[in-house]
Amino acid sequence: MRQLDSFVCGRRHAGGASQATLFNPTSEEPLATVSSDGIDFKAVVEHARSRGGPALRALTFGQRAGLIEQLSKLIHGAREELIELSIQNAGTTRGDAKFDIDGAIGTLAAYARYGAELGERKFLYDGAGVQLGRTARFWGEHVLAPREGVAVHINAFNFPAWNMMEKAACALLAGAPVIEKPGTPTALTAWRIAELVATSGVLPEGAFQFVCGSVGDLLDHLGPQDGLAFTGSSATAAKLRGHAVLVRHNVRVNLEADSLNAAVLAPDVEAGSDTYNLFLANVALDMTQKSGQKCTAVRRVFVPRERLEEIEAELRSSLAAIKVGDPADAATRMGPLASAAQLTDVRAGIQRLSSAARTACGGAAPIRERGYFVAPTLLVAADGAADVFHAEEVFGPVATLLPYDGSAAQAARLVARGGGSLVTSVYSNDAGFLEEAALGIAPWSGRVWLGSDKMAEQSLAPGMVLPAMVHGGPGRAGGGEELGALRGLAFYLQRTALQGFKGVIAPESFCARAATAK
Ligand code: NAP
């Protein structure tokens with residue numbers, strides 16, 4: 001069986017004894033193994049610091065943007081092959097595979113554009129300058145300059161392409177060399193992208209390294225200029241946050257973790273209206289796209305109590321139309337879960353939610369003899385405030401309808417019970433409801449998506465993460481922040497206050513000299 005190599009210290013590393021096996025989740029056939037055995041992680045970090053970092057920082061934002069644009073084109077050139085690998089190893093339908101791979105291509109292209117706009121600069125000004133003295137001679141500015149460390153990226157299994165490249169796009173544009181580690185169960189797509197990047201010669205030596213398998217003692221070698229950006233479960237996030245070396249050196253840590261995302265239907269939304277149809281379509285899409293293995297997928301659907309039965313019937317009929325099966329079959333709308341472990345977890349999660357809810361459709365029972373399949377599962381709770389719905393993330397095609405009293409205030413309080421989410425969608429044509437809900441929910445949700453008749457025709461679904469908008473959420477969701485156009489670079493840059501003679505530090509002088517400095 002093929003073993004997926006790592007790309008470290010300028011060469012392929014085949015690894016030793018297998019650490020894990022990757023499967024085809026549709027057929028359960030083994031596809032490949034991974035092993036990072038024998039990698040000298042101290043040398044990997046040093047390689048990034050001594051080769052990749054200096055080479056990237058020697059370039060301007062505009063020049064780095066040019067490299068990122070080439071990466072986008074490189075991955076686009078292998079799009080069909082990557083879609084096939086995703087179908088094989090992640091069990092995604094073609095549409096779901098495109099969602100991941102085009103997400104990677106598009107995010108790289110977006111960061112190439114942002115970087116091109118920054119042009120031939122090596123640092124950025126942050127906000128307007130301030131007069132500090134009696135006159136403007138004593139002046140203050142804030143600048144953002146590349147840090148001299150390495151960016152370690154530990155990624156989740158559910159978006160092997162996008163998750164790796166959205167992080168890499170921000171880091172590389174900011175001048176930070178990256179060490180990428182994919183989620184193991186679906187590493188095949190990430191591995192092929194890494195092979196393309198590592199062998200293309202687009203990036204300077206040491207700017208991109210890829211570790212397939214365990215990260216071993218990698219984190220023990222990080223220091224004060226380095227950063228760790230993680231996407232995955234809250235349990236792993238908590239372990240990493242408390243890692244002794246990261247704590248001792250104040251290594252920057254950005255965590256993207258679980259989320260009990262919510263949708264709120266306001267009482268004013270009339271059946272058959274654009275907003276109503278958008279709500280139903282988005283909930284059904286979120287539940288079944290990537291078999292519900294999306295960090296932004298809706299888990300809690302709040303509906304005015306008196307409309308619970310009506311919405312249950314609508315969603316049951318939408319979900320019944322979703323054909324579940326072999327993702328290679330063009331008619332299939334939902335494939336299997338990504339791994340056997342996922343299947344076990346999702347089934348157990350459905351059982352736990354079912355202790356306080358009845359099943360409208362789907363459930364934990366097996367639906368096919370082979371493969372890691374579970375049916376789209378809609379649960380209906382009598383008590384929207386019961387603890388289990390605000391504590392249990394079931395990372396699959398599963399959501400619960402929860403009744404509320406129809407007020408924006410109660411909706412916001414219930415959303416907050418999730419302890420911090422990535423995205424909450426609110427559907428209403430009442431501007432007052434939207435405003436009260438948005439402001440009540442904002443402290444508890446990294447993104448609030450407001451659906452109404454006026455935007456229905458143009459809207460992109462709430463589950464879609466866009467490079468222009470921040471991604472991340474408070475509390476349980478990890479407390480981190482990614483993307484958001486140039487905001488996504490801040491994690492890799494040092495914000496420094498400059499105080500001195502305005503003629504030296506103001507953008508018109510300092511910036512001009514820095515741009516021409518060797
Ligand atoms: P996970 O088990 O926490 O794994 C995430 C990553 O961490 C994987 O690469 C994993 O490697 C690695 N890892 C696990 N233990 C580690 C350790 N002790 N030290 C260093 N690395 C370690 O999560 P997952 O099952 O892959 O992903 C599903 C979860 O991710 C869901 O809960 C979902 O909500 C969350 N998620 C969040 C976002 C977001 O943006 N907030 C996005 C996607 C997913 P191995 O695979 O080799 O174990």
Picked from the stretch 227-255 (must be away from the ligand (no atom under 15 Å from the Cβ) and of a type in the set (D, E, K, R)), the residue nearest to A58 (Cα to Cα) is R252
Which pairs have Cβ atoms under 7 Å, sit 6 or more apart or on different chains, and link a residue in the stretch 16-40 that is away from the ligand (no atom under 13 Å from the Cβ) and β-branched (V, I, T) to one that is open to solvent by 40 Å² or more (accessible area, probe 1.4 Å) and in a strand (DSSP E or B)?
I39/H13
Quick check on my filter: what residues within the stretch 440-460 are in contact with a strand residue (DSSP E or B) (Cβ under 9 Å, 6 or more places away or on another chain), of a type outside the set (D, E, K, R) and at pLDDT 95 or above?
I441, A442, W444, S445, G446, V448, W449, L450, G451, S452
Quick check, is P177 more than 20 Å from E481 (Cβ to Cβ), surrounded by fewer than 21 Cβ atoms within 10 Å (Cβ to Cβ) and over 17 Å from the mean Cα position of the chain (by Cα)?
no
Output for Cβ contacts, cut-off 8 Å, separation at least six or different chains, first residue over 10 Å from V398 (Cα atoms) and among the aromatic types (F, W, Y) in the stretch 285-314, second more than 15 Å from the ligand (Cβ to nearest atom) and assigned to a helix (DSSP H, G or I), reads F302/A411; F302/L414; F302/V415
With criteria (1) modelled with pLDDT under 95; (2) assigned to a strand (DSSP E or B), A136 comes up short on (2)
Residue ID - farthest from V374 (Cα to Cα), chosen from residues in the stretch 271-305 that are assigned to a helix (DSSP H, G or I) and within 16 Å of the ligand (Cβ to nearest atom):
D286
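Considering each of A364, A385, A391 in turn, give the residue that is surrounded by 16 or more Cβ atoms within 10 Å (Cβ to Cβ) and in the same structural domain as A313 (by TED's automatic domain parsing).
A364
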Taking interchain pairs and intrachain pairs at least six residues apart, which have beta carbon atoms under 7 angstrom, with the first residue in the stretch 323-348 and closer than 21 Å to E392 by Cβ and the second among the hydroxyl-bearing types (S, T, Y)?
L337/S291; L337/Y372; A338/T186; S339/Y372; A340/Y372; Q342/Y372; L343/Y372
Name the pairs: first residue in the stretch 65-83 and more than 24 Å from L489 (Cα to Cα) and in contact (Cβ under 8 Å) with a residue 60 or more places away in the chain, second residue hydrophobic (A, V, I, L, M, F, W, C) and surrounded by fewer than 18 Cβ atoms within 10 Å (Cβ to Cβ), Cβ to Cβ under 6 Å, at least 6 apart or on different chains?
A78/L196
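The values are calculated or read from the model by the stated rules, or taken from the named source; none is laboratory data. Predicted, not measured: the structure shown is a model, and the values here were computed from it. Every residue, glycine among them, receives a Cβ derived from its backbone with ideal geometry; neighbour counts consider all protein chains shown. Just the protein is used for accessible areas: all its heavy atoms, side chains included, with ligands, DNA and RNA removed. Shrake-Rupley method; radii C 1.70, N 1.55, O 1.52, S 1.80 Å.
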